[in-house]
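Below is one structure, written out as C-alpha cells; the observations come after it.
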Amino acid sequence: MTRFTRQLPHRLLPFILGCFLASVTAIAQSTDALSALSAARILNVETGELLRDHVIEIKGNRIQGIVRASNASTTAVIDLGDVTLLPGLIDAHVHLTGDAEAQGYQGLAASVPRNTLFGVKNAAATLRAGFTTVRNVGADGFADVALRDAINEGDIVGPRMRVSGPSLGITGGHCDNNLLPPQYDHSSMGVADGAAEILKNLRRNRKYGADVVKICATGGVLSKGTAIGDAQYSSPEMALIVNESHRRGMKVAAHAHGTAGIKAAIVAGVDSIEHASLIDDEGIKLAAEHNTSLVMDIFVSDFILAGGEAAGFLPESLAKERMVGAAQREGFRKAHAAGVNIVFGTDAGVYTHGLNARQFPYMVRFGMSELEAIQAATTKAAELLDFDEVGSLKAGHFADIIAVPNNPLTDISVLQTPVFVMKNGQVIHQVKKP
Ligand code: ARG
C-alpha cells in the first residue's frame, strides 16, 4: 500500500505531464490565433478621431493593437465594409432580471428563479444590441449575481456585469415593495432601517457577491405610495452607507429624483446619482464639486407615458412621470452645460431590454455632442463601473467591439442598429452583407 502510493506519482508523471502540456498547447493555440477586423472607419472614442485604412488586431479575447491595413500581420481579416467600429457600449443603469412587460401588480407574479430566467433572455438581447457591459442596480434574491457568474463562466451569453444585489432602502420607500396590504407582511430583501440593519444588509450583499451598492435616497415614479420629493435615507444613514461601502471597495449608486434628496446624497459622498430628475442649480454645483456622476435616464419617460395603464403602470406613477420627465431633460441640459460628469444609463427593464441605444438621440437633443454621448457610454461609464479594460479600443483591452452603419458622429441614431457585435473576442451578432 505504502509502496504503491509512493510509486504512484512516478508512474503517473509522464501521463500528468502529457495532459498538462496538451492543455497548455491548446490554450496557447487559441490565445495565439491572431485575427483582425477591418472597416471603413474606426472611432477613437477618446479623441473623436476616425481612422481609415486601419485594422484592429485581436489575439484571443483581447485587442492586440490597431495597425495600418497594409501592415496587418494576419490574413484572417473579417472585413465589415462601410461601417464604423467602436468599443462595445456600456449602460450603467439596467434591471436585467426585470420583465419590462410586467409592470406594477403584474410584476408580483414572478418568483426570483423566474426573474433570473428573464435575466438570461434580457442579457442576450442587451448584448446583441451592442451593450457589452452593464451595471445592474437592484435585484432581489441575488438573481443578478447568478446571472453575472453564469455569463462569466460561459454558461450563457450576456454583457459583462457589475451587480448590486438587493437595493438598500427604508421601510415603505422606493426600494421597498409597497404593493401588498399588511396581512401579506412583505418587504423587499434590501430594506434596512437604521445603522445596525444597514451594516448587516450591506455586508450580506458583499458576502453574496455584490460589486456595488444601490440605495434609495428619495421616492420614485414606479413605486406605490412614495412621493418624488420625499427624502428617504437620512444624511447620517447615507454617510454610514458610503463610508462602509468605500471601505469595502464598493461604489454607491443613489436613486434620487427629489431636489433635497439629490443634494443630501451628493453631500453624503455617493458616487452616482441615478435619475437626478429635479436637480437644481445648487445640486449641479454640488455634483461638480464632489465629482459625483449623474446617470440620467432621459429616454424612458416617453416609454412610460406611451405605455400608460395598459402596460401595468399605476395611475399614480403616470402622474409622477408627468412631473419629472420634462424637468429631468432640462436638468440634463443644464448639468451637462455646467460640466458635470454624465454617464449613460437608461433604466432598461422599465422599457424593453435591447432598446437601450434609443437614449442617444435624446442626449444629443438635450445638449451633448455625438462624441460626448458616446463617451458617456464608453470611457466615462467604464470609469464609473471600475472596469479598466473596456470602454476604448486600446491594446490590451478586452475585444468588446461593435460596428454600426455610417458614421455615429454625424448620425447618433445608427447606434440603435449595430451590424456586428463582438464580446471577449467572440462574434455574438453579425448582420450579413446583402
Ligand atoms: N425606476 C424609476 C422610478 O421608478 C423610473 C423613473 C423613470 N422616469 C424618468 N423620468 N426617468 O423612479
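The values are calculated or read from the model by the stated rules, or taken from the named source; none is laboratory data. Just so it is clear, the model here is predicted, and its values are computed rather than measured. With ideal geometry, Cβ positions are generated from the backbone for all residues, glycine too; neighbour counts draw on all protein chains shown.
So here's what we get for this one:
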| read-out | value |
| --- | --- |
| Selection from region 144-160 of residues that are outside any strand (DSSP E or B) and touching a Phe, Trp or Tyr at 6+ places or on another chain (Cβ under 9 Å) | Val145, Pro159 |
| Complete set of residues in region 161-177 that are in a strand (DSSP E or B) and either aliphatic (A, V, I, L, M) or free of Cβ contacts under 8 Å to residues at least 24 places away in the same chain (or both) | Met161, Val163, Leu168 |
| Any hit, region 211-220, residues being more than 12 Å from the ligand (Cβ to nearest atom) and under 21 Å from Asn178 (Cβ atoms) | yes |
| Residue selected from region 219-238 under the condition part of a loop (DSSP other than H, G, I, E, B) and not small (Gly, Ala, Ser), by the criterion nearest to Phe387 (Cα to Cα) | Tyr233 |
| Unique residue being more than 12 Å from the ligand (Cβ to nearest atom), touching a Ser or Thr at 6+ places or on another chain (Cβ under 6 Å), assigned to a helix (DSSP H, G or I) and hydrophobic (A, V, I, L, M, F, W, C) when the list is Ile241, Ile266 | Ile266 |
| Residues located in region 347-364, provided they are touching a Lys or Arg at 6+ places or on another chain (Cβ under 8 Å) and under 14 Å from Met296 (Cβ atoms) | Tyr362 |
| All positions within region 68-103 that are farther than 28 Å from Phe360 by Cβ and out of contact with any strand residue (DSSP E or B) (no Cβ under 7 Å at 6 or more places or on another chain) | Ser70, Asn71, Thr75 |
| Residue, nearest to the ligand (Cβ to nearest atom), within region 244-255, restricted to residues that are part of a strand (DSSP E or B) and out of contact with any Cys (no Cβ under 8 Å at 6 or more places or on another chain) | Ala253 |
| Any hit, region 55-70, residues being in a helix (DSSP H, G or I), surrounded by 11 or more Cβ atoms within 10 Å (Cβ to Cβ) and at pLDDT below 60 | no |
| Residue within region 373-382 that is surrounded by fewer than 15 Cβ atoms within 10 Å (Cβ to Cβ) and modelled with pLDDT of 95 or more present | no |
| Any hit, region 377-396, residues being more than 16 Å from the ligand (Cβ to nearest atom) and assigned to a strand (DSSP E or B) | no |
| Condition met for Thr126 (among the polar types (S, T, N, Q) and not in a helix (DSSP H, G or I)) | no |
| Test: residue in region 274-281 that is under 23 Å from the mean Cα position of the chain (by Cα), in a helix (DSSP H, G or I), touching a residue at least 60 places away in the same chain (Cβ under 8 Å) and within 14 Å of the ligand (Cβ to nearest atom) | no |
| Hey, Gly261 within 16 Å of the ligand (Cβ to nearest atom) and part of a loop (DSSP other than H, G, I, E, B) or not | no |
| Any chance Leu86 is out of contact with any Lys or Arg (no Cβ under 8 Å at 6 or more places or on another chain) and either among the hydroxyl-bearing types (Ser, Thr, Tyr) or in a helix (DSSP H, G or I) (or both) | no |
| Hits in region 374-419 (condition: among the basic types (Lys, Arg) and in contact with a helix residue (DSSP H, G or I) (Cβ under 8 Å, 6 or more places away or on another chain)) | none |
| Residue check, Gly308 within 16 Å of the ligand (Cβ to nearest atom), surrounded by fewer than 24 Cβ atoms within 10 Å (Cβ to Cβ) and not basic (Lys, Arg) | yes |
| Subset of region 158-191 (residues that are within 15 Å of the ligand (Cβ to nearest atom) and of a type in the set (S, T, N, Q)) | Ser164, Ser167, Asn177, Asn178, Ser188 |
| Complete set of residues in region 295-321 that are of a type outside the set (S, T, N, Q) and closer than 28 Å to Asn341 by Cα | Val295, Met296, Asp297, Ile298, Phe299, Val300, Asp302, Phe303, Ile304, Leu305, Lys320, Glu321 |
| Contacts under 7 angstrom Cβ, first residue in region 298-327 being in a helix (DSSP H, G or I), partner within 11 Å of the ligand (Cβ to nearest atom) and aromatic (Phe, Trp, Tyr), 6 or more apart | Val300/Tyr351; Phe303/Tyr351; Ile304/Phe313; Gly307/Phe313 |
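Per-residue answers, yes or no, for (1) within 17 Å of Leu355 (Cβ to Cβ); (2) in contact with a Gly (Cβ under 9 Å, 6 or more places away or on another chain); (3) among the polar types (S, T, N, Q):
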{"site": "Gly308", "(1), (2), (3)": "no, no, no"}
{"site": "Glu316", "(1), (2), (3)": "no, yes, no"}
{"site": "Ala338", "(1), (2), (3)": "no, no, no"}
{"site": "Asn341", "(1), (2), (3)": "no, no, yes"}
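Each row is one residue, and each column tells you yes or no for (1) touching a Leu at 6+ places or on another chain (Cβ under 7 Å); (2) crowded, with 18+ Cβ neighbours inside 10 Å.
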| site | (1), (2) |
| --- | --- |
| Phe299 | no, yes |
| Leu314 | no, yes |
| Glu321 | yes, yes |
| Glu330 | no, no |
| Ala335 | yes, yes |
| Asp347 | no, yes |
| Arg358 | no, yes |
| Met363 | no, yes |
| Gly367 | no, no |
